[in-house]
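Beneath this line is the structure, given in structure tokens, with notes to follow.
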6 protein chains.
Amino acid sequence: MSDIDEFIAARRAANASVLQQDHLGIKRFFNLDDAAYRDDALPGRVKELLGLVASLVLRCNDCVDYHLIQCVKAGWTTPEIVDALNVGLVVGGSIVIPHVRHAVTTLDQLAGRSDIEL
Amino acid sequence: MSDIDEFIAARRAANASVLQQDHLGIKRFFNLDDAAYRDDALPGRVKELLGLVASLVLRCNDCVDYHLIQCVKAGWTTPEIVDALNVGLVVGGSIVIPHVRHAVTTLDQLAGRSDIEL
Amino acid sequence: MSDIDEFIAARRAANASVLQQDHLGIKRFFNLDDAAYRDDALPGRVKELLGLVASLVLRCNDCVDYHLIQCVKAGWTTPEIVDALNVGLVVGGSIVIPHVRHAVTTLDQLAGRSDIEL
Amino acid sequence: MSDIDEFIAARRAANASVLQQDHLGIKRFFNLDDAAYRDDALPGRVKELLGLVASLVLRCNDCVDYHLIQCVKAGWTTPEIVDALNVGLVVGGSIVIPHVRHAVTTLDQLAGRSDIEL
Amino acid sequence: MSDIDEFIAARRAANASVLQQDHLGIKRFFNLDDAAYRDDALPGRVKELLGLVASLVLRCNDCVDYHLIQCVKAGWTTPEIVDALNVGLVVGGSIVIPHVRHAVTTLDQLAGRSDIEL
Amino acid sequence: MSDIDEFIAARRAANASVLQQDHLGIKRFFNLDDAAYRDDALPGRVKELLGLVASLVLRCNDCVDYHLIQCVKAGWTTPEIVDALNVGLVVGGSIVIPHVRHAVTTLDQLAGRSDIEL
């Protein structure tokens, strides 16, 4: 299993543990989070790019990986995604560089896998 | 003068003071920052939306105002911008609410002013 | 009007502007936020204290003021609230000091006003 | 050794290395940190819950694990702790989700171990 | 009164209010904070520069102003301070720019005032 | 290979992947980042200490390790570096402790290796 497949499997298992706690607020938050990236005034695929850059400047590798997968599934090309990463780098500064490194490493693993399931 | 016009005037004056320090690194950073939002693999107007959400989750009102002006100039409608703010709210949580309030107040002031100069 | 009354009035007006945008996700987020502080496995009043310290370490004065009002209404005494602020100070460090200063100034204004309406 | 036992062992060893540097300020900070969670105007066990939520919104897994152990030792039940995590999730947003996943995984490992030694 | 004199007066008054709460932990934290900038393995004046850059990347204007005053009192020149601000700008990114603007505005007010009292 | 040698090797490989994306903005940012630590109004070695403390309060272990290596190469002694870490600890609070533990562990590995190549 590649890193990205391990990430997806671990994420699924841990999300199931969280939902098993059966806390209404947490379940509603998870739904609200999913809904934010559906087509509305903006197309969902643009909002995936927003989620990616927000995750990058807040420096969360798991969130970056999640949105990279969604961006690749939504058809954004590698140069487009890298151009978005550059916005995050300029906004967030050199402290973001380790996460840009992580993002590019994940992007390499996602090549040719636009059918990947989360 | 409205709040937004005061912001623009104060921003111009203070940017001039910063550049007057004549520090090569700071001047190059300012150029790099401008360049990040020009058309490249992604259109500049999409990257303004990325800058807006990055500013929102990092909770910087001045940066939010700057990118709101740029988004309005780039032709994004209020519902599209509000949909982008919602992504920032979900990613960043209730701590972001005061900045969503600020952003909507600025948006109201920007109505009909897509020709505003920064 | 004291600072705290101005804060409450401005917060009400801006929240109304936000809700007027009529974005379903934002409205649901506001509801979810309110619900998180209602009695559940933990009493609501304990969760107000959690909200206060979370706001302090994330350094949001508006959020600190909001939760201070709620804590005073819930019957927490000034020494109890100050003891909670100390946890936030130790977790968040000296960068939090300006917000501790702000919080104590607000607390002074809230003396004898446990019936204040948000 | 479970993850949590490994965490405790590594934390002990590294804390010893830090204290061996014999820096007076650091030693005093460590003492101040311990003291913040002792009974004072608020009971220590309530302050452990404050420390947990502060750690969650600041997104530090090691700090979350430390306070989870302390909360379990202080007698907070799993539903009470999950209700506290929900406050942190709403305040801090979806960027906190990976840390909620981590916290629930740690909680599972702590089941029946309220006598665990840090 | 200039902005910087107002800042100093307000800071003094609010610090007095905080200390009047008579919380032992908070008082010890204030002492520890002062002690961190005294001569030790590193000279105090180098540590004021460290405090300035830490405050800048954490984006706290009050903390930036405090350390700017201390840096000017310690004899750092404007070009040296601006060179330190540039490190903070590169580490922290464009989100730091409004605070660089604030810092340079404060620096202008501090010209010729190396005898200023906090 | 020690942890620090693994870090250096992984950092080199991932930086190469990032630069291979051939994004002009990212390449210019990398250059600007390097330039910020060269002798200018302040000596480069003082600025490495600034970069270390900025990295510590922003809680980025990879950035802390990078600047620790640079500080050791620049001739700062362990007590001087630990005194700088203390400033970061006081500014950033107990949430920084896991990163102080990480930093001291890295420092131990760097003993006698002031000729290490990044």
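Looking across the stretch E:49-64, the residues that are surrounded by fewer than 23 Cβ atoms within 10 Å (Cβ to Cβ) and of a type outside the set (S, T, N, Q) come down to E:59, E:60, E:62, E:63. Inside the stretch F:65-75, can you point out the residues that are basic (Lys, Arg) and crowded, with 22+ Cβ neighbours inside 10 Å? Result: no residue meets the conditions.
When the residues of the stretch F:33-44 are filtered to those that are crowded, with 20+ Cβ neighbours inside 10 Å and facing another protein chain (nearest Cβ under 7 Å), which remaining residue is nearest to the chain's Cα centre (by Cα)?
Applying the first criterion (crowded, with 20+ Cβ neighbours inside 10 Å) to the stretch F:33-44 yields F:36-37, F:42.
With the extra rule that they be facing another protein chain (nearest Cβ under 7 Å), the set shrinks to F:36, F:42.
Details: F:36: 13, F:42: 18 Å.
Result: F:36.
Count of the stretch D:45-75 residues, restricted to those that are more than 23 Å from residue B:92 (Cβ to Cβ) and more than 10 Å from chain C (Cβ to nearest Cβ), is 11. Of the set (1) in contact (Cβ under 8 Å) with a residue 24 or more places away in the chain; (2) in contact with a Phe, Trp or Tyr (Cβ under 7 Å, 6 or more places away or on another chain), all apply to residue A:37 but (2). Could you tell me whether residue A:14 is farther than 24 Å from residue C:28 by Cα, more than 7 Å from every other protein chain (Cβ to nearest Cβ) and free of Cβ contacts under 8 Å to residues at least 40 places away in the same chain? The answer is no for residue A:14.
Of all residues in the stretch B:17-39, exactly one satisfies the criterion of being more than 15 Å from residue F:27 (Cα to Cα), part of a helix (DSSP H, G or I) and among the aromatic types (Phe, Trp, Tyr), namely B:30.
The residue that is farthest from residue F:76 (Cα to Cα), counting only those in the stretch E:33-84 that are small (Gly, Ala, Ser) and in contact with a His (Cβ under 7 Å, 6 or more places away or on another chain), is E:55. Of the residues making up the stretch A:65-72, one or more are hydroxyl-bearing (Ser, Thr, Tyr) and out of contact with any Cys (no Cβ under 7 Å at 6 or more places or on another chain).
When you check residue F:84 against the structure, is it among the small types (Gly, Ala, Ser) and more than 14 Å from chain C (Cβ to nearest Cβ), yes or no? So residue F:84 passes the test. Counting the residues of the stretch A:83-118 that are over 14 Å from the mean Cα position of the chain (by Cα) and closer than 14 Å to residue B:46 by Cβ gives 3.
Read-outs throughout are calculated quantities, based only on the coordinates presented, and are distinct from any laboratory measurement. This is a predicted model, so every value here is computed, not measured. Glycine also receives a Cβ, built like all others from the backbone with ideal geometry; neighbour counts cover every protein chain displayed.
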